[in-house]
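Read the structure below first, then the notes.
Readers should treat all values here as calculations from the given coordinates under stated rules, not as data from a laboratory. Note that this is a predicted model, so its numbers are computed, not measured. No Cβ is skipped: glycine too gets one built from the backbone with ideal geometry, and neighbour counts run over all protein chains shown.
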Amino acid sequence: QWTTASIVAEQVEAIRAQVGGKRVICALSGGVDSSVAAALVQQAVGDQLTCVYVDHGLQRSGESEQVERDFVAATGVNLKVVDASEQFLSALDGVSDPETKRKIIGREFIRVFEQAAREVVADDSVDFLVQGTLYPDVVESGGGAGTANIKSHHNVGGLPDDLQFALVEPLRTLFKDEVRKVGLELGLPEAIVYRQPFPGPGLGIRIVGCVTAERLELLRAADAIARAELTAAGLDREIWQCPVVLLADVRSVGVQGDGRTYGHPIVLRPVSSEDAMTADWTRLPYDVLARISTRITNEVPGVNRVVLDVTSKPPGTIEWE
Ligand code: XMP
C-alpha cells in the first residue's frame with residue numbers, strides 16, 4: 001500500500017541512484033511543483049543541489065519572500081537569488097501584445113537562468129536539472145517533454161548546446177494531490193503546498209497594456225487586497241485561482257472626496273476549475289466582493305472602479321492575456 005512516506009522514500013532512493021555524486025540545479029518559481037521537486041532532491045542529495053530563483057519583478061506581493069525566506073527555512077536549500085527586475089522591465093518597455101510579452105519574459109528568463117547556471121557550474125560540473133513535471137503533463141505530451149498550449153508557457157527549455165542537462169523529474173508519476181501530500185511530508189509550509197496556480201510570466205500578463213514599474217506597483221497593491229480578503233473569508237481552497245487584472249489603457253470617470261477622478265479599472269477574475277482546461281466563474285459572496293471593492297478603491301490610488309468577470313472558460317480564458 002502506498003503511503004506518502006513510502007513515495008518519498010522511493011523517490012529519494014531513485015534520485016540518489018540517478019544523480020550519484022554529481023551536482024544538480026533547479027529553477028525555483030515559487031510554485032507548488034518546482035518547490036516540492038526541489039525539496040525532494042534536497043532531501044535526497046542535500047548540498048549537491050543549488051536552486052536558482054530568478055526575481056523578474058513580476059511577482060505578487062510577498063512571493064519572493066516566500067521563496068527566499070520560507071522555502072529556505074523549511075528545506076535548508078542552497079539558494080542563489082538573481083534580482084533581474086530592471087532587465088525584465090527594460091525588455092518589456094513599450095510592449096503591449098500578450099504573446100510578445102510572454103516571449104520576452106521567457107527569453108529573459110532563460111538568459112538570466114543560463115548566466116546563473118554558468119556561475120554555479122564555474123566551480124564544479126553540474127549535470128542535472130530538476131523539473132517539476134507531473135504525471136498529467138507526461139500523459140498530455142505523449143511521454144515526451146513539454147506540452148502544447150494555446151498560449152506559450154515558459155519553462156527552462158531553450159538552453160544553449162554547451163549547457164545541457166539530464167533531467168531529474170521526481171514528480172513524474174504523481175498527481176497534484178499527491179504532490180501536495182509529499183510537500184507536507186517534507187515539511188513545506190501550507191502557503192507553498194496549497195498555493196493557487198500563478199502563471200510564469202506573472203503580473204506581466206495581468207496588465208492589459210504596457211508593463212511599467214508604476215503599473216506593477218498599483219496591481220500588486222490591488223492583488224494583495226483581493227487575496228487578503230479571499231483568504232480571510234476562508235475561500236482559498238474553494239477558488240481555483242483569482243487573477244486580478246489592471247486595465248491600464250482604460251480610464252473611467254469617478255467621484256471621490258471632493259472631486260472627479262479619471263482612473264483605471266481593476267478586474268476580479270475568480271474561477272472554479274478542476275484542471276484549468278475549463279472553468280466557471282466563482283459565485284463569490286456579495287459581502288466579500290463589496291469589501292474587496294471598497295478597499296481597493298480606497299487604498300489604491302489611481303483605481304476608481306472594480307469590476308467582476310462573469311465569463312466561463314470557454315469562451316473566456318482564465319487569464320486576460
Ligand atoms: P488560460 O488563461 O489559458 O490559463 O485559461 C490556464 C492556466 O494556465 C495559467 N497560465 C500560464 N501559466 N505561463 C504559465 O506558466 C503562462 O504563460 C500562462 N498563461 C496562463 C493560468 O494562470 C491558468 O492557471
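Couplings for region 106-122, taken from phi via the Karplus curve 6.51 cos²θ - 1.76 cosθ + 1.60 with θ = phi - 60°, read x, 5, 5, 4, 5, 4, 5, 5, 4, 4, 5, 4, 5, 5, 6, 5, 3 Hz in order; Gly and Pro are left as x.
Each of S34, S273, S90, S252 has some number of other Cβ atoms within 10 Å of its Cβ, and from fewest to most they run S90, S252, S273, S34.
Highest GNM mean-square fluctuation among A248, A232, A27, for the chain modelled with Cα contacts below 10 Å: A232.
Report the FRET efficiency, 1/(1 + (r/R0)^6), for T311 and L184, where r is their Cβ-Cβ distance and R0 is 35 Å, rounded to 0.05. Once rounded, the FRET efficiency stands at 0.55.
Here the gap between V72 and E214, fully extended at 0.36 nm per residue and compared with their Cα-Cα distance, gives a gain of 48.1 nm.
With a simple spin-label model that places each label point 7 Å from the Cα along the Cα-to-Cβ direction, the separation between Q196 and R237 comes to 1.6 nm. Residue-wise HN-Hα couplings along region 235-245, as the Karplus relation 6.51 cos²θ - 1.76 cosθ + 1.60 with θ = phi - 60° gives them from phi, are 9, 4, 7, 7, 8, 5, 6, 9, x, 10, 10 Hz; Gly and Pro carry x. The HN-Hα couplings worked out from phi for region 311-320 by the Karplus form 6.51 cos²θ - 1.76 cosθ + 1.60 (θ = phi - 60°) are 10, 7, 10, x, x, x, 7, 5, 7, 8 Hz, whole numbers, x standing for Gly and Pro. As a proxy for reagent exposure, L219, L79, L235 were ordered by neighbouring Cβ count within 10 angstrom, fewest first; the result is L235, L79, L219.
Between G263 and S252, G254, N304, the built amide H atoms are under 5 Å apart, and every one of these is 5 or more places off in sequence or on another chain. Between C51, C210, C242, which gets the highest mean-square fluctuation from a Gaussian network model of the chain, Cα cutoff 10 Å? Among C51, C210, C242, the largest GNM mean-square fluctuation belongs to C210. Using only the Cα atoms of the chain, each taken as one equal point scatterer with no solvent, compute I(q) by the Debye sum, divide by I(0), and report log10 of the ratio at q = 0.15 Å⁻¹. Calculated log10 I(q)/I(0) at the listed q: -1.30.
Whole angstrom only: what separates the Cα centroid of region 254-286 from the Cα centroid of region 31-92? So the separation of the two Cα centres works out to 30 Å.
For H56, H264, the sequence from fewest to most other C-beta atoms within 10 Å is H264, H56. Think of it as helices only: each DSSP H run of n ≥ 4 in the chain is worth -39500 (n - 2.57), and spread over all residues that comes to -11500 deg cm²/dmol at 222 nm.
What's the ranking of 307-315, 287-295 by average number of surrounding C-beta atoms within 10 Å, highest first? Don't skip to the answer; put the middle values down first.
Details: 307-315: 12.9, 287-295: 16.7.
Output ranking for 307-315, 287-295: 287-295, 307-315.
Taking every alpha-carbon pair within region 206-308, the share separated by more than 20 Å comes to 39 percent. Each residue, V250 and E99, gets one label point 7 Å from its Cα in the Cβ direction; the gap between the two is 2.3 nm.
From the alpha carbon centroid of region 1-25 to that of region 303-321 is 41 Å. Ranked from largest, the principal axis spans of the Cα set of region 1-64 equal 41, 30, 13 Å. Between V168 and L129, V130, Q131, the built amide H atoms are under 5 Å apart, and every one of these is 5 or more places off in sequence or on another chain. Amide H contacts of L49: V24, each under 5 Å away and 5 or more positions distant or on a separate chain (H built 1.01 Å from N in the peptide plane; Pro and chain starts excluded).
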